[in-house]
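The block underneath contains the structure these notes are about, expressed in structure tokens.
The values are calculated or read from the model by the stated rules, or taken from the named source; none is laboratory data. What you see is a predicted model, and the numbers here were worked out from it, not measured in a lab. Neighbour counts run over all protein chains shown; Cβ positions are idealised from the backbone, glycine included. Keep in mind that these areas ignore ligands, DNA and RNA; they rest on the heavy atoms of the full protein, side chains included. Shrake-Rupley method; radii C 1.70, N 1.55, O 1.52, S 1.80 Å.
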Amino acid sequence: MLVIAVASIATGGAAVALAVAGSAGPAHPAAVHHVATKAVHHEAAPVIIPEAPPPIIIPPAPQAASAVDVDAPAGPVPSSWGGHVVPAVAPLVNSVPSNIVDPSVIATATVHTLPLYTTPGAPAPSSTLTNPNYLGATVTLLVTGYQPGWVEAYIPVRPNETTRWIPAADVTTSFVTDHIVVSLSARMLTLYHDNMPVFTTPVAPGAPSSPTPTGSFFVAYIVKLTDPTNVYGPYAMGTSAFSNTYYSFDGGPGQVGIHGTNQPWVIGSYASHGCVRLPNSAITTVAQQVVPGTPVEIEH
């Protein structure tokens, strides 16, 4: 489970710290409950939130054959977006490896306070997102729908797979041609590029007492740690998913991450508090390939 703490914010940038969140191995239920409910102070290791890493093999976004609406990204016209975004549907059991069709549309906030509406054209927003977020990372969301002047997107809040409408004028839209699929039953993560699997690695998802939630999510931010030997390894990717077991975990909100580990022997088993642990070499490969907004499908 990721627990993020802001160390300081200075003019022109933000300094942040990623606090180590307890034991990485399985624990007695009573001990787990104790960890989840009692605040624990850890020395915060400074981290760096890099700019979106340069893609390894990502080509330019596909170009439309004709002009598109000014609110739409360059690429397939809005009427075809249904085949390029993640549907908000219940998780599938024994489903095909991926129900995502690359490319997907992402929206990057361009305003300091991003208004969120329950319906397009509603008289007032139901909530807002602060941009940059509390880590200093730009808010980037996975788009799920489109109307002229509006985009619908997954929002990194509870309950999981919450969507809201956002004025198109408050974001810029673009395409990502990668997505991630995590199979809990196989304990494997697969990175897809242009709908083709290009990288696979074994993982350690949540233990039976704290299972990793299933559903359609996205990479909310990517953190590079200055101490790659810590519990999260060299990189940690926060997702839009939240634990259904821990609503508060060691001072954090129970946000599910995809990260490395300093206990490589647990890889291939159900061992975490809900996050998805990768070998350190594997999380480095994935984190350097994808960008915030990249879809993450977690399946049984």
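Brief remarks follow.
- Equivalent-ellipsoid semi-axes of segment 114-178, from the Cα gyration tensor, Å, largest first: 17, 15, 12
- Inter-label distance, nm, simple model (7 Å from Cα along the C-beta direction), residue 128/residue 157: 1.2
- Figure note: 102, 170 ranked by solvent-accessible area, largest first, 1.4 Å probe, ligands and nucleic acids not counted: 170, 102.
- For segment 223-300: span of alpha carbons on each principal axis (Å, largest first): 29, 28, 27
- Dimensionless Rg/Rh of segment 151-202 - Kirkwood Rh, Rg from C-alpha atoms: 1.10
- For segment 156-247: relative contact order, % (alpha-carbon pairs under 8 angstrom, 6 or more apart): 27
- Across the accessible surface of segment 105-150, with the other protein chains kept in place and a 1.4 Å probe, carbon and sulfur atoms take up 57 percent.
- Using the Cβ of residue 99 as centre and a radius below 11 Å, the other residues enclosed give a net charge of -2, where K and R count +1 and D and E count -1.
- Carbon/sulfur fraction of accessible area - segment 193-300, other protein chains in place, 1.4 Å, %: 59
- Take the Cβ atoms of residue 172 and residue 248, set R0 to 22 Å, and the FRET efficiency comes out at 0.05.
- Using heavy atoms of the protein chains and a probe of 1.4 Å, the accessible area assigned to residue 162 is about 20 Å².
- When the surface is traced with a 1.4 Å probe over the full set of protein chains, residue 246 keeps roughly 20 Å² accessible.
- Segment 184-224 - Rg over Rh from alpha carbon coordinates, Kirkwood radius: 1.00
- With the alpha-carbon atoms of segment 184-277 aligned to their principal axes, the span from lowest to highest coordinate is 38, 31, 27 Å, starting with the largest.
- Taking 152, 297 and ordering them by how much accessible surface each has at a 1.4 Å probe, largest first, produces 152, 297.
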